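J.: Mind having a look at this structure? Questions to follow.
The values are calculated or read from the model by the stated rules, or taken from the named source; none is laboratory data. Remember, predicted model here, so these are calculated numbers, not experimental data. Here Cβ is always computed from backbone atoms with ideal geometry, including for glycine, and neighbour counts include all displayed protein chains. The protein model used for the area step is the full one, side chains on, heavy atoms only, and it has no ligands, DNA or RNA in it. Shrake-Rupley method; radii C 1.70, N 1.55, O 1.52, S 1.80 Å.
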Amino acid sequence: MDNQLELFPGNHLAFNGECGRASTTPLQRTAVSRGERIKLRNQVMVARLYYWREIMRRRLDDVIVILAENEFFVDERTINNAWLEYADYFEHLCSTHTTARQLQWMYPCWKW
(Lines give C-alpha, C1' and ligand atoms only; values in the text may rest on other atoms or scores of the structure.)
Protein backbone atom coordinates (compact mmCIF):
# COMPACT_ATOMS: atom_id res chain seq x y z
CA MET A 1 0.00 0.00 0.00
CA ASP A 2 3.02 2.28 -0.45
CA ASN A 3 3.27 3.11 3.26
CA GLN A 4 0.02 5.04 3.10
CA LEU A 5 -2.42 5.14 5.95
CA GLU A 6 -5.73 3.72 4.79
CA LEU A 7 -8.66 5.25 6.60
CA PHE A 8 -12.11 3.66 6.64
CA PRO A 9 -11.21 0.65 4.46
CA GLY A 10 -14.79 -0.60 4.21
CA ASN A 11 -16.22 2.74 3.08
CA HIS A 12 -18.00 2.46 -0.25
CA LEU A 13 -20.22 5.53 0.02
CA ALA A 14 -18.97 9.06 -0.43
CA PHE A 15 -20.58 12.44 -0.74
CA ASN A 16 -19.42 14.02 -3.96
CA GLY A 17 -20.61 17.55 -3.14
CA GLU A 18 -22.76 17.90 -6.24
CA CYS A 19 -26.52 18.21 -5.92
CA GLY A 20 -26.51 16.22 -2.67
CA ARG A 21 -25.93 12.92 -4.42
CA ALA A 22 -23.97 10.05 -2.96
CA SER A 23 -21.69 7.88 -4.98
CA THR A 24 -21.86 4.14 -4.46
CA THR A 25 -18.61 3.34 -6.23
CA PRO A 26 -15.78 1.90 -4.13
CA LEU A 27 -13.34 4.49 -2.90
CA GLN A 28 -9.65 4.34 -2.20
CA ARG A 29 -9.68 6.30 1.07
CA THR A 30 -6.02 6.89 1.71
CA ALA A 31 -4.53 9.99 3.21
CA VAL A 32 -1.13 10.92 1.90
CA SER A 33 -0.71 14.42 3.21
CA ARG A 34 -1.57 16.15 6.45
CA GLY A 35 -4.19 18.23 4.67
CA GLU A 36 -5.94 15.13 3.36
CA ARG A 37 -5.98 13.57 6.82
CA ILE A 38 -7.50 16.76 8.24
CA LYS A 39 -10.21 16.73 5.55
CA LEU A 40 -11.07 13.10 6.33
CA ARG A 41 -11.15 13.88 10.05
CA ASN A 42 -13.43 16.86 9.47
CA GLN A 43 -15.82 14.78 7.37
CA VAL A 44 -16.09 12.18 10.12
CA MET A 45 -16.47 14.94 12.69
CA VAL A 46 -19.46 16.33 10.78
CA ALA A 47 -20.95 12.84 10.50
CA ARG A 48 -20.59 12.45 14.28
CA LEU A 49 -22.16 15.87 14.78
CA TYR A 50 -25.11 14.72 12.64
CA TYR A 51 -25.34 11.51 14.67
CA TRP A 52 -25.42 13.25 18.03
CA ARG A 53 -27.77 16.06 16.94
CA GLU A 54 -30.19 14.39 14.57
CA ILE A 55 -30.22 10.74 15.61
CA MET A 56 -29.51 10.96 19.34
CA ARG A 57 -31.36 14.32 19.62
CA ARG A 58 -28.77 16.05 21.83
CA ARG A 59 -28.53 19.81 22.23
CA LEU A 60 -25.91 21.55 20.11
CA ASP A 61 -23.86 22.80 23.05
CA ASP A 62 -23.76 19.27 24.51
CA VAL A 63 -22.75 17.83 21.13
CA ILE A 64 -19.89 20.29 20.79
CA VAL A 65 -18.59 19.29 24.23
CA ILE A 66 -18.89 15.57 23.40
CA LEU A 67 -16.97 16.00 20.15
CA ALA A 68 -14.36 18.37 21.58
CA GLU A 69 -13.62 16.65 24.87
CA ASN A 70 -14.49 12.98 24.39
CA GLU A 71 -14.13 12.04 20.74
CA PHE A 72 -11.76 14.27 18.75
CA PHE A 73 -9.89 16.25 21.43
CA VAL A 74 -9.94 19.50 19.47
CA ASP A 75 -11.09 23.05 20.17
CA GLU A 76 -14.73 23.92 19.73
CA ARG A 77 -13.68 26.34 17.01
CA THR A 78 -12.22 23.43 15.03
CA ILE A 79 -15.56 21.65 15.15
CA ASN A 80 -17.41 24.75 14.01
CA ASN A 81 -14.92 25.27 11.17
CA ALA A 82 -15.37 21.66 10.04
CA TRP A 83 -19.13 22.09 10.16
CA LEU A 84 -18.87 25.18 7.94
CA GLU A 85 -16.51 23.42 5.53
CA TYR A 86 -18.80 20.37 5.23
CA ALA A 87 -22.16 22.12 5.52
CA ASP A 88 -23.29 20.51 2.24
CA TYR A 89 -22.39 17.07 3.58
CA PHE A 90 -24.30 17.75 6.81
CA GLU A 91 -27.33 18.92 4.83
CA HIS A 92 -27.09 15.81 2.67
CA LEU A 93 -27.14 13.59 5.76
CA CYS A 94 -30.14 15.52 7.09
CA SER A 95 -32.10 15.55 3.84
CA THR A 96 -31.63 11.83 3.22
CA HIS A 97 -32.39 11.00 6.87
CA THR A 98 -29.24 8.89 7.11
CA THR A 99 -29.63 6.24 9.78
CA ALA A 100 -27.12 5.01 12.35
CA ARG A 101 -26.88 1.75 10.40
CA GLN A 102 -25.91 3.64 7.24
CA LEU A 103 -23.34 5.64 9.19
CA GLN A 104 -21.93 2.39 10.56
CA TRP A 105 -21.56 1.11 7.02
CA MET A 106 -19.92 4.36 5.88
CA TYR A 107 -17.54 4.58 8.85
CA PRO A 108 -17.09 1.07 10.25
CA CYS A 109 -14.43 2.01 12.79
CA TRP A 110 -16.93 4.11 14.81
CA LYS A 111 -19.74 2.90 17.02
CA TRP A 112 -22.98 4.55 15.91
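J.: For N70 and S33 in the same chain, what is the full-extension length gain: residue separation times 0.36 nm, less their Cα-Cα distance, in nm? Provide the component values of the computation, followed by the final result.
T.: Working: separation 37, 0.36 × 37 = 13.32 nm, distance 2.53 nm.
Stretched fully, the N70-S33 segment lengthens by 10.8 nm.
J.: Right, here's the next one. Could you look at the stretch 31-112 and say what percent of its accessible area is carbon and sulfur, using a 1.4 Å probe and all protein chains? If you can, show how the numbers build up before the last one.
T.: Numbers: 2460 of 4940 Å².
With neighbouring chains kept in place, the figure for the stretch 31-112 is 50 percent.
J.: How many nm separate the modelled label positions at N80 and D61, each set 7 Å beyond the Cα in the direction of the Cβ?
T.: That separation, rounded to one decimal, is 1.4 nm.
J.: Same structure, new question: Which whole-percent values make up P(r) of the stretch 39-88 when all C-alpha to C-alpha distances are grouped in 5 Å steps starting at zero?
T.: Once binned at 5 Å, the Cα pair distances of the stretch 39-88 give 5, 24, 37, 26, 7, 0.
J.: How about the stretch 34-112: which trypsin sites (Lys or Arg not before Pro) there are in a DSSP loop, with at most 13 other Cβ atoms within 10 Å of their Cβ?
T.: For trypsin sites (Lys or Arg not before Pro) across the stretch 34-112 that sit outside H, G, I, E and B with at most 13 neighbouring Cβ atoms in 10 Å, the list reads R57, R59, K111.
J.: Report the full-extension gain for the segment K111 to A87: residue separation times 0.36 nm, less the Cα-Cα distance, to one decimal in nm.
T.: Numbers: separation 24, 0.36 × 24 = 8.64 nm, distance 2.25 nm.
Between K111 and A87, full extension yields an extra 6.4 nm.
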